[in-house]
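The values are calculated or read from the model by the stated rules, or taken from the named source; none is laboratory data. This is a predicted model, so every value here is computed, not measured. Don't worry about glycine lacking a Cβ; one is built from the backbone with ideal geometry, like all the others, and counts go over all protein chains shown. SASA here: full protein model, heavy atoms, side chains in, ligands and nucleic acids out. Shrake-Rupley method; radii C 1.70, N 1.55, O 1.52, S 1.80 Å.
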Amino acid sequence: MTDDPLPPLRDVIALHGLSPRKALGQNFLLDLNLTRAIARRAGDLTQTDVLEVGPGPGGLTRALLAEGARKVVAVERDARCLPALAEISAAYPGRLDVIEGDALKVDLSGHLSTPYRIIANLPYNVGTELLVRWLTPDNWPPEWSSLTLMFQREVAERIVAAPGSKAYGRLSILGQWRVESKIVMELNPQAFTPPPKVHSAVVQLERRDTPRYPADPAKLERVVSAAFGQRRKMLRQSLKGVMPDVETVLTGLGIAPTRRAETLTLEEFCAIARAI
Ligand code: SAM
């Protein structure tokens, strides 16, 4: 992998007047050793394109390119960052495409060869929404092969949570049914400029070609949101709207109707979805 040929990020930020804006979730990573360590957690980048959301001044973007990413497509909403990103493009000719826009709205078709990896220090205000979209595409397998994403630690814990824990919920089912998820790095607030109020963690999600247990995605989603929508209620109550004969179905599956959502395993959720 190569040395980074560009000036220190503090100089880039000063030169382009990139004072961080809270409304855009701007907590920048300025230590290139750290961004390169995150890039390496994503695996070999040399054979794949990478989608990055929110490159900001480009600390992670530079790391992805120096670690050999074939091509990076970076979607940034803050136009102030574009001149800094143009300098990175110039240093890595033909390997960085910057798209100015809202990652929740841009059309990326034609920009990336599939399967690509998604690697991002996400703006916390849109991170969960993007993750849910990436985990619930119309077709499976999706266009991406892996997601390497920074979240606030509490969200990361929800993704990897096991039954019985407080963090276990809809995000855990999404994060474990068709993907292998693990926390690969934890970061203190001081790693960022400015430091956020919360701790952060990087989650690595590798897609599985087939789900861990069979189920129709829409039915599973109905069961999971109904069950966790009233997580303190017993299943015979919380799943009433999902199927009329809920007690009979649950008993037939060997699941006591008096149990609550947070005790159900992924396998049991899938079995209920198949019984609808
Ligand atoms: N990647 C940089 C880093 O690690 O230092 C910046 C990360 S910062 C947490 C999040 C970035 O996402 C900011 O640059 C912000 O402007 C950008 N952003 C916020 N909302 C966005 C959106 N809806 N679409 C695209 N980028 C967005």
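In region 39-62, how many residues are under 17 Å from residue 3 (Cα atoms) and touching a strand residue (DSSP E or B) at 6+ places or on another chain (Cβ under 9 Å)?
Total satisfying the criteria: 6.
Take the conditions over 14 Å from the mean Cα position of the chain (by Cα) and within 13 Å of the ligand (Cβ to nearest atom) and apply them to residue 119. Does it pass?
no
Taking region 84-116, which residues are more than 16 Å from the ligand (Cβ to nearest atom) and in contact with a strand residue (DSSP E or B) (Cβ under 7 Å, 6 or more places away or on another chain)?
95, 113, 115, 116
Take residue 68 and decide whether it is under 19 Å from residue 48 (Cα atoms), touching a residue at least 40 places away in the same chain (Cβ under 8 Å) and surrounded by fewer than 16 Cβ atoms within 10 Å (Cβ to Cβ).
For residue 68, the condition - under 19 Å from residue 48 (Cα atoms), touching a residue at least 40 places away in the same chain (Cβ under 8 Å) and surrounded by fewer than 16 Cβ atoms within 10 Å (Cβ to Cβ) - is met.
Among the aromatic types (Phe, Trp, Tyr), touching a Ser or Thr at 6+ places or on another chain (Cβ under 7 Å) and within 24 Å of residue 82 (Cα to Cα): is that true of residue 124 in this structure?
In short, no.
Restricting the search to region 251-262, which residues are surrounded by fewer than 14 Cβ atoms within 10 Å (Cβ to Cβ) and touching a helix residue (DSSP H, G or I) at 6+ places or on another chain (Cβ under 9 Å)?
The answer is 252, 253, 254, 256, 258.
Closer than 20 Å to residue 200 by Cβ, at pLDDT 95 or above, more than 10 Å from the ligand (Cβ to nearest atom) and in contact with a Ser or Thr (Cβ under 9 Å, 6 or more places away or on another chain): does that describe residue 63?
Against the criterion (closer than 20 Å to residue 200 by Cβ, at pLDDT 95 or above, more than 10 Å from the ligand (Cβ to nearest atom) and in contact with a Ser or Thr (Cβ under 9 Å, 6 or more places away or on another chain)), residue 63 does not qualify.
So how many residues does region 83-123 have that are within 28 Å of residue 198 (Cα to Cα) and of a type outside the set (Asp, Glu)?
Summing the residues that are within 28 Å of residue 198 (Cα to Cα) and of a type outside the set (Asp, Glu) in region 83-123 gives 13.
Given the options 183, 173, name the one that is away from the ligand (no atom under 16 Å from the Cβ), in contact with an Asp or Glu (Cβ under 8 Å, 6 or more places away or on another chain) and among the β-branched types (Val, Ile, Thr).
When all the criteria are applied, what remains is 183.
Count, please, the residues in region 234-250 that happen to be out of contact with any Asp or Glu (no Cβ under 7 Å at 6 or more places or on another chain), open to solvent by 10 Å² or more (accessible area, probe 1.4 Å) and farther than 15 Å from residue 270 by Cα.
Count: 8.
Restricting to region 16-33, and then to whatever is more than 9 Å from the ligand (Cβ to nearest atom) and touching a residue at least 40 places away in the same chain (Cβ under 8 Å), can you tell me which residue is most open to solvent (accessible area, probe 1.4 Å)?
Ranking the candidates gives 31 first.
Let's see how each residue does on (1) under 16 Å from the mean Cα position of the chain (by Cα); (2) open to solvent by less than 20 Å² (accessible area, probe 1.4 Å); (3) without any contact (Cβ under 8 Å) to a residue 24 or more places away in the chain:
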position	(1), (2), (3)
39	yes, yes, no
50	yes, yes, no
54	yes, no, no
89	no, no, yes
110	no, no, yes
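In region 120-219, which helices (runs of 4 or more DSSP H) lie fully inside it and hold 2 or more residues that are touching a strand residue (DSSP E or B) at 6+ places or on another chain (Cβ under 7 Å)?
Correct list: 124-135, 153-160.
Quick check on region 122-145. Is at least one of its residues surrounded by 14 or more Cβ atoms within 10 Å (Cβ to Cβ), more than 14 Å from the chain's Cα centre (by Cα) and within 15 Å of the ligand (Cβ to nearest atom)?
Scanning region 122-145 turns up no residue that is surrounded by 14 or more Cβ atoms within 10 Å (Cβ to Cβ), more than 14 Å from the chain's Cα centre (by Cα) and within 15 Å of the ligand (Cβ to nearest atom).
This table checks each residue for (1) free of Cβ contacts under 8 Å to residues at least 40 places away in the same chain; (2) under 21 Å from residue 29 (Cβ atoms).
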residue: 129; (1), (2): yes, no
residue: 153; (1), (2): no, yes
residue: 192; (1), (2): no, yes
residue: 209; (1), (2): no, no
residue: 235; (1), (2): yes, no
